[in-house]
Amino acid sequence: EFQRLLHNIEVEEAWIREKEPSIMSTNRGRDLIGVQNLLRKHQALMGELQNHESQIRTVCNEGEDMINQGHFSSAEIKKHIVNLQTKWQNLKEVSIQRKHDLEDSLQAQQ
């Protein structure tokens, strides 16, 4: 059960790493069409994040349940859960900032 949880956490962290490059991009587009395309792509990505949040929550809840049941590796489980939650929260915050940056760029281009 512990190994399965660690595997699930690693899968979620890999998903986050996969999304980071496009969310952390500093490209704001060179013209109106470019900014509109970037904004559309980013909105789709934000939809993916929203849809994926339940999976992150499920994995964290599984870990919390194991901790509450007094699992022998509770400290390690907690460390992994906190790390996953931190990475997830950071991804969401950067995503919101990217959205604002693209909206600012769109306004400037218009």
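Among the residues of segment 79-110, those identified as surrounded by fewer than 15 Cβ atoms within 10 Å (Cβ to Cβ) and more than 19 Å from ALA14 (Cβ to Cβ) are GLU93, ILE96, GLN97, HIS100, GLU103, ASP104, GLN107, ALA108, GLN110.
For segment 9-31, check the following and say yes or no: at least one residue is among the small types (Gly, Ala, Ser), at pLDDT below 95 and assigned to a helix (DSSP H, G or I). Give the derivation first.
Step one: filter segment 9-31 for residues among the small types (Gly, Ala, Ser), giving 14, 22, 25, 29.
Those still in the list that are at pLDDT below 95 too: 22, 25, 29.
Filter again for assigned to a helix (DSSP H, G or I), leaving 22.
Yes - at least one qualifying residue is present in segment 9-31.
Within segment 31-52, is even one residue more than 30 Å from SER105 (Cβ to Cβ) and of a type in the set (A, V, I, L, M, F, W, C)? Scanning segment 31-52, I find no residue that is more than 30 Å from SER105 (Cβ to Cβ) and of a type in the set (A, V, I, L, M, F, W, C), so the answer is no. Report every pair of residues separated by at least 6 positions or lying on different chains whose Cβ atoms are under 8 Å apart, first residue within segment 63-74 and over 10 Å from GLU1 (Cβ atoms), second small (Gly, Ala, Ser). Cβ pairs passing all conditions: ILE67/SER74.
Residue by residue, here is whether (1) more than 26 Å from LEU102 (Cβ to Cβ); (2) among the acidic types (Asp, Glu); (3) within 11 Å of the chain's Cα centre (by Cα) holds:
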{"residue": "VAL11", "(1), (2), (3)": "yes, no, no"}
{"residue": "ALA14", "(1), (2), (3)": "no, no, yes"}
{"residue": "GLU18", "(1), (2), (3)": "no, yes, yes"}
{"residue": "GLU53", "(1), (2), (3)": "no, yes, yes"}
{"residue": "VAL59", "(1), (2), (3)": "yes, no, no"}
{"residue": "HIS71", "(1), (2), (3)": "yes, no, no"}
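Within segment 87-107, residues that are farther than 10 Å from ARG28 by Cβ reach partners that are of a type in the set (Val, Ile, Thr) and part of a helix (DSSP H, G or I) with beta carbons closer than 8 Å, at six or more positions or on different chains, in the pairs LYS87/ILE16; TRP88/ILE16; TRP88/ILE56; LEU91/ILE16; LEU91/ILE23; VAL94/ILE23; SER95/ILE23.
The values are calculated or read from the model by the stated rules, or taken from the named source; none is laboratory data. Everything quoted here is computed from the prediction, not taken from an experiment. All Cβ positions, glycine included, derive from the backbone under ideal geometry; neighbour counts span all protein chains shown.
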